[in-house]
């Protein structure tokens, strides 16, 4: 996966560790975003898979980051990252 310069800056500005980015890519739910891109975020199922693979304590320690972090991905490129501020409409 390729991170754009913009996404690297946003990770730093918003304090999102690369571990969370990796977990979003590997475990996150995906919803279609604009212009063919996808939004990756942690839904209930993603958190359940993380707990199974890494343990409850690890996931609970990072719960603040996990509940609101998201990525916008286009193909194999991470466009931007941030924290969700509104409810995600599921299609």
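The values are calculated or read from the model by the stated rules, or taken from the named source; none is laboratory data. Computed from a predicted model, the values in this text were never measured in an experiment. Ideal geometry is used to build each Cβ from the backbone, glycine not excepted, and the neighbour counts take in all protein chains shown.
Kindly evaluate residue 8 against the criterion of being surrounded by fewer than 11 Cβ atoms within 10 Å (Cβ to Cβ), over 10 Å from the mean Cα position of the chain (by Cα), part of a helix (DSSP H, G or I) and modelled with pLDDT of 90 or more. Taking the combined requirement at face value, the residue does not satisfy it.
If you filter the range 41-50 down to residues that are surrounded by 14 or more Cβ atoms within 10 Å (Cβ to Cβ) and either assigned to a helix (DSSP H, G or I) or without any contact (Cβ under 8 Å) to a residue 40 or more places away in the chain (or both), you find that the one that is nearest to the chain's Cα centre (by Cα) is 42.
In this structure, is residue 16 assigned to a loop (DSSP other than H, G, I, E, B), surrounded by 12 or more Cβ atoms within 10 Å (Cβ to Cβ), touching a strand residue (DSSP E or B) at 6+ places or on another chain (Cβ under 8 Å) and touching a residue at least 24 places away in the same chain (Cβ under 8 Å)? Spelling it out, residue 16 is indeed assigned to a loop (DSSP other than H, G, I, E, B), surrounded by 12 or more Cβ atoms within 10 Å (Cβ to Cβ), touching a strand residue (DSSP E or B) at 6+ places or on another chain (Cβ under 8 Å) and touching a residue at least 24 places away in the same chain (Cβ under 8 Å).
Taken residue by residue, the range 73-90 has no member that is part of a helix (DSSP H, G or I) and surrounded by fewer than 17 Cβ atoms within 10 Å (Cβ to Cβ). Every residue in the range 25-49 that is in contact with a helix residue (DSSP H, G or I) (Cβ under 8 Å, 6 or more places away or on another chain) and within 20 Å of residue 1 (Cα to Cα), please. Result: 27, 28, 29, 40, 41, 42, 46. Quick one: is residue 29 in contact with a strand residue (DSSP E or B) (Cβ under 7 Å, 6 or more places away or on another chain), surrounded by 15 or more Cβ atoms within 10 Å (Cβ to Cβ) and without any contact (Cβ under 8 Å) to a residue 24 or more places away in the chain? Judged against the criteria, residue 29 is a match.
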